Each structure stands twice: as structure tokens, then as C-alpha cells.
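Heads up, the thing below is written out as C-alpha cells.
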């Protein structure tokens, strides 16, 4: 499912055997825990970082700063701008 | 993540709504092509906040909606085989083929399991070696890598009772086909969130350039969608179409290379039939030769019959944004959420299902427009 | 009683095995004198008031879940159906259909739960029946409970009695039961913070109605179909328009997250220990405070109002100030995939 909310990684488990014990991330939010596969994550998350999840897989890893950046982008957009012009900020 | 609450707070969304109203200079038609966007817009009541003059159309962004009836028939045929368990995402289970749905097949004794991840289907296959587990592989570029990863894992583990019927599709070719239709007049495209995380925001450059189409990649929270809409309205009023990435926390210009490689390892592009849109070249994914042994069609000698859409069903035109649901003669009478005929009504994300929830609510109430436009 | 490992067809036949099951297991946990008499029916005596009568069957899978089990649901569900018409529950019947091969230890656990819940609620199981069907003819265990209650002449609570201007109160947090069940299926470890909310509501209703001078119009427990479906039923039956506000809905963060993860809408998930109250707006604040003082109603909240129109529709004002219609649930809640 397309989970819009990034979830925090609380543990990285497995990894001893690529086959029988592949590396997975354990994510948690409000006491809910789920095992998430990492095969398609753009980079393996560190504990404390966040992942965006789809159908049980991490599709993107991000730091809290990266998530916050988007929010400040929107805050700036929301201010009444004096000048016309492009959206502030650029994609990473 | 505490900042998540902020993406849903009025403190952020109210100014975005005001700015949209302020910048809008003429009526605009915007299409979104992502089922999750359809759902989020509906769920947060975003249409009721937008000023008059913005028409939001739902395009073919719901994988369930665009899976041809013939594929559903193939799933059903497989479900009737002895020792076969169908594993599927939840939304597919009520989609009607020519003769009933997987839910109906389950009621008649077929083994149909809802899974939340293709890996769950593989686990099922390993737990029940005496059965064949067939995964109904529908989805776009976000789901394709998850299935690819599952296939690779199945291969490594030597699992031979796990199969898929692939009905995977890719977005850019479908967008191209849509935009080539002279009758489709849209000014802007709200680009999918997570498909874009995989394919990258650069994928929409050609549409901005060749079709002079405003494009904005947006996430799924209300603030994300409103930011994307604002970006589009600004581009349109400035007459400067380009691709704005408003979802930088998930989407980069080039996309997720690892995921793209996964898709490329296991799948290759093929021509594909979209329910309601017809055949679109290069818009589907099929298993490469090296992974043919996972193809259920071959292994179980199934066929995907050319299926005809039910008489009177106009889902195709709805998916192309040409028709609004009430203009379909079946809508609300023969075709309702309880007894759906076409996919636009079955899936919660389908245009007709979403519209049905608005029906009866017309005109303005206390300054809020609640009519579907 | 001999500790047989499984229930067999003999246990339902009425013979010695049946009697051993009753005396060794059922009567161990169900202690009402009328039940112990083992007559063909229970005679309850004379009561003043109108007789209220309700029945419900329980087929939940899984049978055991955080916060309760099928036995608890069976007791609370029928008590609550009576309470929602303002009736004081008097007694319950308990009928079981058990699949051959069902483990005795599970049966014992469930009956113990029935006994415990019944005792805590102060509503006895006074009569019962057990049938056993061959393997494959039932999914483990089905339970039916039927309840008798007494409704005073002072109150006439029904779904048809909602009035424009009424306040809409919800007695506690949303979707706890529904998400507990669905999470199991989704393989999500829900941790300690989510559990079914199954509980009897007759005491809460009793407290609310005790001093009530007709301010309470509607009571409804939003079970299958969730809050949205129940509100739609009330709006339709009463011929009114209801508006609720998303900001005001009490929901646990963990429940919210689990719903997002699975792709389910908490408005459509079952609640087994909550009730909706429609009451005159003048009395709403007092009723709210009263409920909040009770253990069953700690998280009660005023969630909306009945408007002036007669559309029979329910609308939700979203967190961002938007508006959408709520429709009743069709079919089962489907988890979403993008």
C-alpha cells in the first residue's frame, strides 16, 4: 500500500545470510511494528532514519532533515509572495 | 514523525488554499493519475475547498481499474484449478471479469488469500509446498520492483510452487497515449507520488516540453496535494509549463536506480491492453526469458481471453477524463458499489466509486462547494 | 471430567458425553441457579416494564485476540444491543455450534471467558444449548446469545428519534476492535497498545438514563460497518442530516497508524464497547461529563451535531476544513493497495 507517512527504523535485523536471513528493517510508529524488506531501498537506512513504504518494501530512505525540508518548502509556498516566480527551493 | 501532523494541519493547508484561489485566473482542468491521489483528495474533502474553476479529473492511475477483464478471467480460471491458491492485493478481489469476481469464486470454494506484500505470497508458497500459489501481479512502477525482488528471492530459494500472472503496467506510455488524444483537454498533470519516486521527476519532462503541459509531482498528504495544485496553477497562469517536484522527500529527478534495475532484471517492456483505453505499445511488463518458469500462464496452460467490456460500460471514457460518472447510463442504476459492473465502481479509488460518495450533494452549502467537478 | 483432547460428535448428542461436558465444563464457569437446574427452559419471574429481546450470533475469526475472545464478544454484544434501547439486561441464553475436533482447552477458555464477563456484567447465562457438527461443517465454533431485558416506560430510545440540533457524542476511541482483528491478518505486530474494546455498556447507559428527562434520543453501538455506517442508519431512520468533525474523533495514535499501514478507514471499522448518543444539545455537556467519569466512557467526546436539514445524509468536516459525505459500508472493508 502507498504509505505516505515515513516510518522510523528502530532496528535492522538479519543479514547473516542473503538467502535465508535477508536484511530487513523493523519500523515502528506509536507502538506498531512491522518488518520491511530492503531490496529496493535507494540506500539501506540507519537506525533512527525513516523509510517510505509500499507493499511491505522500503522504496526510499530519508533522514528527518530531508522530511523537514519538504515541510519548510510548503511553508514558504504558503506565505504570500511579493514576487512572482518559481517555487522556492530545488529538488535534491 | 511529529512533522507528519503538520502535513495535515490547517495552519499549512489554509494558506495554500487561499493562494490557489488568489492565483487562479481562468478555469483549468487538471488530471491526476494516481489512485492514492484520488483517495486522498476524496478523503480530505479537498474538492470542497478548491475555488470554482478548477476541474479535477481522475485518470487511469488505479491498477485495479485498468486490468482488462481477460486477465481477471485468467485469475478466475486459475482459482478453479485444484491445489491452486490465488494470492492477491485486496482491491482486486471484487473486480468483475466476464463471469464474476475472485470474491465470488472464494464463496464458491476457491482458495483466495489477500496479501499485503508479494513476499507474503512467497511465504505462503513455502508454507504449503503441496499447493501452487499464484500471485496476481497488478500494479505500476512502484509495485513492479517488489514483485521483481520476490521473484529473485523465489529463484534463490529454489521455490517451484510460486507463480505469477503479470498484469503490470508502466505510466509514461499511457500518459503519452492519453495526451495524444485531441479530445482530452487538460492544462495540468498532477503526477503520481510513488511511481515518481521510482521513475524520477525527469520522466515527465517530455510532457511539459512537447505537450506544453504543466506538471507537478505531489505526495499524498493534503498539504502535498495542495502544494502540487498550487504549483500547477502558477505554471498555467505564467504560461510556463515545466515539471515541479513538490515531493522532494520521496522523489528525485532520476528516481530510484536500484528499483529500476530490479524491474529491468526480471521484466521487459511489452505491449499491453488497458481496460477502457485499449492497447498501448510498450506499456506493460512481462517476465524475461530467464524467469519464464514463474509465468503461470505457461506453467498452468492458462489463456488470457480477449474479453469484452460489459454492454453499456463506459469506464474507458471515464478513465480518459472524457465523461463524468453520471453521464454513464449504468451509473447508480445497474452499476453501484454493491453491484459494480466496471472497475471504476469496484475499486475505492475508481472515479465512479469516489463520485458515488458525493452523489446527492449538490451546490454550495455555507460557502463551501461540495459538488463534484 | 475426563480431559478429552477434542470435542466429538458424542458431546452434542445428549448422551453421557454431553452431560459430562455440561457438568464438567459449562457448569464449572456458568453458575446461575437456573442454569444448574438444567431444565428445558429458564423461568425468569415477574418484572414491571416492557420486555426487550435481542439476539446475535458470533463467528469471529480469530477466536482469541488481544483484549478478548469470542466468548466476551458474545456476552457484551447482546447486553449492548439491549442497552441501546435503554433496556436493563436481565438474562442471557448461550447456544454453541461446535465443529467436531475443536480442542477442549479452547472451549474451556471461551466458556471461562463467558462466565467471567457475565459475572462482571451482572447478567447471568440462564439457559443454553450445545450442538456438535461433523468436521468441515462449521468453522471451529459459532456462538449465539439471546438476551432479555426490561425497558422502562419512561424512555423511548430508538434510531428514529434523532432531532435537528441534537448533539452527537461518542463514548470513546474509534476502531479498536476492528483494527485488532484486521492487523492479525496483515501480519502487523500491534504491540500492547491496541486491543479490542469489548465491554458491556449497560451501566453507562443506566447512568445516563437514570436522571434523564427525555433529553437522550438515540443510542447506537457502532459495531460492524463502524461509526460511519451507524450514523448513516440513524440519519436515514430519523430523517435528519448529521455532520461530524474529524478533529473531534477520539482515536488512539496506534490505531490510526495501523489503519494507515493496512489502508483501512477507521470510520468503517467495528467497535465493540462504544456507543453513539444523540441528545438534546442543552443536556449534552452534562451527559458528556457524566460519561467521562465512568470507566467505560473515559475518552468520550462530542463529535458533531444534527443539522437543520432532512437529507438523511452524514457529512464529515475533515481536518483541513474540507467536507465529504459518508456513505454506509458496502461489503467488507477492503484493504487498499495503491
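Numbers for the structure displayed
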{"read-out": "Degrees between helix B:144-157 axis and first principal axis of chain B (Cα, 0 to 90, nearest 10)", "value": "20 degrees"}
{"read-out": "Mean Cα-pair separation over length for the stretch C:6-151, i.e. relative contact order, pairs under 8 Å, 6 or more apart, %", "value": "41 percent"}
{"read-out": "Whether the stretch B:246-353 is rounded, prolate or oblate, judged on the alpha carbon gyration tensor where a/c under 1.5 counts as rounded", "value": "oblate"}
{"read-out": "The stretch B:163-233 versus the stretch C:17-81: alpha-carbon centroid distance in Å", "value": "58 Å"}
{"read-out": "Rounded tilt (10° steps) of C:281-292 against the dominant C-alpha axis of chain C", "value": "40 degrees"}
{"read-out": "Relative contact order of chain B, pairs being alpha-carbon contacts under 8 Å that are 6 or more residues apart, as %", "value": "22 percent"}
{"read-out": "Distance between modelled label sites at residue B:264 and residue B:240, nm, 7 Å Cα→Cβ extension", "value": "3.4 nm"}
{"read-out": "0 to 90° range, to nearest 10: angle between helix B:222-238 axis and chain B longest Cα axis", "value": "60 degrees"}
{"read-out": "Whole-Å distance, taken between Cα centres, linking the stretch C:304-331 and the stretch C:209-223", "value": "21 Å"}
{"read-out": "Helical contribution to [θ] at 222 nm, DSSP H n ≥ 4, -39,500 (n - 2.57), averaged over chain B, rounded to 500", "value": "-10000 deg cm²/dmol"}
{"read-out": "Candidates C:318, C:31, C:78, ranked by Gaussian network fluctuation over chain C, Cα under 10 Å, top entry", "value": "C:318"}
{"read-out": "Percentage relative contact order, chain C, counting C-alpha pairs under 8 Å, at least six apart", "value": "21 percent"}
{"read-out": "Tensor-based shape of the stretch C:166-326 (alpha-carbon gyration tensor, a/c under 1.5 rounded, otherwise prolate or oblate)", "value": "oblate"}
{"read-out": "FRET efficiency, 1/(1 + (r/R0)^6) with R0 51 Å, evaluated for residue C:53 and residue B:271 via beta carbons", "value": "0.20"}
{"read-out": "Overall form of chain C per C-alpha gyration tensor (a/c, 1.5; a/b vs b/c)", "value": "oblate"}
{"read-out": "Part-to-part distance (alpha-carbon centres) for the stretch C:88-112 and the stretch B:14-29, which is given in Å", "value": "61 Å"}
{"read-out": "Inter-label distance for residue C:10 and residue C:116, nm, one decimal - labels placed 7 Å from Cα along Cα-to-Cβ", "value": "3.1 nm"}
{"read-out": "MRE, 222 nm, helices only [DSSP H, n ≥ 4, -39500 (n - 2.57), over chain C, to nearest 500]", "value": "-8500 deg cm²/dmol"}
{"read-out": "GNM result for chain B, Cα springs below 10 Å: residue of B:334, B:208, B:137 fluctuating most strongly", "value": "B:334"}
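Coordinate-derived values only; no laboratory data. Quick caveat, the model's predicted, so the values are computed rather than measured. Quick reminder, even Gly has a Cβ in these numbers, built from the backbone with ideal geometry, and neighbours come from all protein chains shown.
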